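Contents: one structure, followed by commentary.
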Amino acid sequence: MQNDVIIIGGGLGGLFTGALLAREGRSVTIVEKNAAIGGGLQSFHRFGSTFDTGMHTLGGFNHGDNLDRICRYLGIRDQLHIKPDDCLTQITNASDGVTYHIEYGRENFVKSLAGYFPHEADNLKRYVDTLYRLTDEVPIFHLRDTEDYILTHSPEFLMAADELIAAYIADERLRDLLAFMNPMYGGVAGHTPAYVHALINVLYINRPFRFVDDSAHLAHLLADVVKQNGGQILSGEEVTQIEAEDRHLTAVCTSRGKRLTANTYIGAIHPLTLCRMLPPGTWPPAYRKRLEQIALTNSAFTIYITFKPKTFPYIDHTCYWQADYGLMWQHATTPQSLWPQGFMYFTPPVKGQGQWAEKMVVNCVMDFKETEKWSHTLTHHRGEDYERWKTQRIEAVVEQLTRLYPNIKDQIAQIGASSPLTIRDYYHTPRGALFGYAKDCHQPALSYLPVRTKVDNLLLTGQNINLHGICGVPLTAIVTAEALTGRNHIVRKIREATDD
Ligand SMILES: Cc1cc2nc3c(=O)[nH]c(=O)nc-3n(C[C@H](O)[C@H](O)[C@H](O)COP(=O)(O)OP(=O)(O)OC[C@H]3O[C@@H](n4cnc5c(N)ncnc54)[C@H](O)[C@@H]3O)c2cc1C
């Protein structure tokens, strides 16, 4: 069969792009290396529970926000099992034992923080107004028409996120708290642009959501849209080689010996991984070099816990813990002896969730270099040394959890963890970079990758292009799909279908 489009990678980006194009009548084939589709949306079973791999807290699903509208347009919103959190977050600081409860909603966010920092009330309002104003500079974020992708931005758009906060807020403790979502975008002080901070914060301030039971069902809903519109998903089929002639792709070859052809190919995997499969010279050397120069975001060590029945209370929102103020931007550079200095944790909801938690996930930022010495190994074969190191890291996190919940060791039934190596091998992401390429306010052009490439029938999509996560990847999927359908074609249809 001659496909209109072949998408390499059946993760969040590949599936959203495929669903949008299938709705446009294109014959789409998505090729995914793992047996299970979804990438960051995939869930796994362990200790009798289901855990999500890379989608724990969700922005954009508040009624009228971008994700809510995209999913309504695709006809899958009503089938999604997601629930809103009861507040934005709680942040505990171990040094003074204060727990800050922060409310969602633009005004309530300001009000709840001003309750702790009354002297900063006016500054908080101005800071939040600025966050919302910065999102206005990104039309696609509001599903508006884009007149020109090269936009003129306000000076604050490309300030460093930490400098933006400091420009409005004088109190050092409050500055730190306002950066709490840093682990959700891999922020680096002095480098991560203010617009990244604004786009992510605004969607979560509007209201955070979480998947109930598992995130994988979103992957299956998107796959159904592709299939119902005549497309197909090939899973357990790794693309190992790409054929090209004169900067024009002619076929992709898979691990199971298939040779697939299409008019257009879309790379929904890390561009460096894609680059290695292309014949030499397909992308100009300068472009390849640029891909190698862009910094990567940090990785993570994630702990998966199941509780003994009816022992640990369910918490209806995401929580953050940090050892002291002033560390929010330094989680990834913490020496091993002091690690962890901060983490995000939550009790994922299940269907019919009652007062007791079934499970907990703890996400700790970690530099890939901590696992560098086992980088030649593969899952389940990393050796005793690695397993010992992993156990020590788990113990270090549980020690800190005990400061928050003194009985937690007795309440835990089973505990396991994934490391930066797991992320690298599972997604084929260089150095287990959580959110792919990092954005840098000092080099905005370096980390800005257009969806079109120097190969006339190869487009890009996914977290490395523009913004990562559930808030960013589906927006890029629209931009990628519109490279074939015409600019603003899909965004207008989404607006028409969901204006209410
Ligand atoms: C631990 C963790 C926690 C996270 N938490 C959140 C969160 O709470 N909220 C949020 O919004 N975001 C979160 N993210 C980020 C989010 O998961 C990613 O931004 C998103 O999944 C990226 O989508 P993508 O399509 O670019 O890549 P992926 O979802 O990784 O998809 C890429 C797909 O390509 C496949 N692939 C790779 N190479 C090949 C090949 N050669 N042939 C075929 N297929 C291939 C991979 O198997 C994968 O399925 C988290 C990420 C991680 C790792």
All positions within the range 449-500 that are in a loop (DSSP other than H, G, I, E, B) and in contact with a helix residue (DSSP H, G or I) (Cβ under 8 Å, 6 or more places away or on another chain): 449, 451, 453, 454, 461, 462, 463, 464, 465, 466, 467, 488
Among the residues of the range 369-390, which ones are modelled with pLDDT under 95 and hydrophobic (A, V, I, L, M, F, W, C)? 378
Output the number of the condition that residue 391 fails; it satisfies all remaining conditions of (1) touching a helix residue (DSSP H, G or I) at 6+ places or on another chain (Cβ under 8 Å); (2) more than 14 Å from the ligand (Cβ to nearest atom). (1)
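Closer than 17 Å to residue 40 by Cα and assigned by TED's automatic domain parsing to the domain that holds residue 73: which single residue out of 466, 457 fits that description?
Values: 457 fails: closer than 17 Å to residue 40 by Cα.
Selected residue: 466, the only one of 466, 457 that is closer than 17 Å to residue 40 by Cα and assigned by TED's automatic domain parsing to the domain that holds residue 73.
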Restricting the range 20-38 to residues that are touching a strand residue (DSSP E or B) at 6+ places or on another chain (Cβ under 7 Å) and outside any loop (DSSP other than H, G, I, E, B), the residue that is farthest from the ligand (Cβ to nearest atom): 22
Would you say residue 397 is in contact with a Cys (Cβ under 7 Å, 6 or more places away or on another chain) and not in a loop (DSSP other than H, G, I, E, B)? yes
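Kindly indicate whether any position in the range 456-470 is away from the ligand (no atom under 16 Å from the Cβ) and not aromatic (Phe, Trp, Tyr). Talk me through it step by step, then tell me what you get.
Let us first name the residues in the range 456-470 that are away from the ligand (no atom under 16 Å from the Cβ), namely 456-457.
Pick out the ones that are also not aromatic (Phe, Trp, Tyr) and you get 456-457.
Taking every residue of the range 456-470 in turn, at least one turns out to be away from the ligand (no atom under 16 Å from the Cβ) and not aromatic (Phe, Trp, Tyr).
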I'm told residue 402 meets every condition in (1) more than 14 Å from residue 424 (Cα to Cα); (2) touching a residue at least 40 places away in the same chain (Cβ under 8 Å); (3) part of a helix (DSSP H, G or I) except one. Can you identify the failing condition by its number? (2)
With the checklist (1) more than 9 Å from the ligand (Cβ to nearest atom); (2) closer than 20 Å to residue 253 by Cβ; (3) surrounded by fewer than 20 Cβ atoms within 10 Å (Cβ to Cβ) in hand, flag the one item residue 5 doesn't pass. (3)
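Test of understanding: among 449, 459, which residue is in contact with a strand residue (DSSP E or B) (Cβ under 9 Å, 6 or more places away or on another chain), of a type in the set (A, V, I, L, M, F, W, C) and at pLDDT 95 or above? Full working, then the answer.
Values: 449 fails: at pLDDT 95 or above.
Just one listed residue meets the conditions, 459.
For the range 178-189, which positions are modelled with pLDDT under 95 and not β-branched (Val, Ile, Thr)? Write out each step before concluding.
Going through the range 178-189, the residues modelled with pLDDT under 95 turn out to be 180-189.
Matches in the range 178-189: 180, 181, 182, 183, 184, 185, 186, 187, 189.
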Give the number of residues within the range 104-131 that are in a helix (DSSP H, G or I), in contact (Cβ under 8 Å) with a residue 24 or more places away in the chain and touching a Lys or Arg at 6+ places or on another chain (Cβ under 7 Å). 1
Under 6 Å by Cβ, and 6 or more places apart or on different chains, what pairs join a residue from the range 418-444 that is over 18 Å from residue 53 (Cβ atoms) with one that is within 10 Å of the ligand (Cβ to nearest atom)? 437/464; 438/297
Any chance the range 419-428 includes a residue that's in a loop (DSSP other than H, G, I, E, B), more than 11 Å from the ligand (Cβ to nearest atom) and over 29 Å from residue 335 (Cβ atoms)? no
Just checking, how many residues over the range 369-399 are in contact (Cβ under 8 Å) with a residue 24 or more places away in the chain and among the polar types (S, T, N, Q)? 4
Given the conditions (1) in contact with a strand residue (DSSP E or B) (Cβ under 9 Å, 6 or more places away or on another chain); (2) not in a loop (DSSP other than H, G, I, E, B), report the number of the one that residue 290 does not fulfil. (1)
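Suppose the filter is among the β-branched types (Val, Ile, Thr), in a helix (DSSP H, G or I) and crowded, with 17+ Cβ neighbours inside 10 Å; does residue 17 pass it? Before the answer, list the steps.
Details: among the β-branched types (Val, Ile, Thr): yes; in a helix (DSSP H, G or I): yes; crowded, with 17+ Cβ neighbours inside 10 Å: yes.
Considered against the rule, which asks whether it is among the β-branched types (Val, Ile, Thr), in a helix (DSSP H, G or I) and crowded, with 17+ Cβ neighbours inside 10 Å, residue 17 comes out as yes.
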State which residue pairs qualify: first residue over 12 Å from residue 258 (Cα atoms) and inside the range 228-242, second residue surrounded by 15 or more Cβ atoms within 10 Å (Cβ to Cβ) and among the polar types (S, T, N, Q) in any location, beta carbons under 6 Å apart, and separation of 6 or more residues or different chains. 230/27; 232/29
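Looking at residue 34, is it surrounded by 15 or more Cβ atoms within 10 Å (Cβ to Cβ) and over 24 Å from the mean Cα position of the chain (by Cα)? Break it down stepwise before answering.
On the way: surrounded by 15 or more Cβ atoms within 10 Å (Cβ to Cβ): yes; over 24 Å from the mean Cα position of the chain (by Cα): no.
Criteria not met by residue 34.
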Which of the residues that make up the range 43-69 are over 16 Å from residue 210 (Cβ atoms) and within 14 Å of the ligand (Cβ to nearest atom)? 44, 66
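The values are calculated or read from the model by the stated rules, or taken from the named source; none is laboratory data. Keep in mind the model is a prediction, meaning the values are calculated, not measured. In this analysis, Cβ positions are derived from the backbone assuming ideal geometry, glycine residues included, and neighbour counts consider all displayed protein chains.
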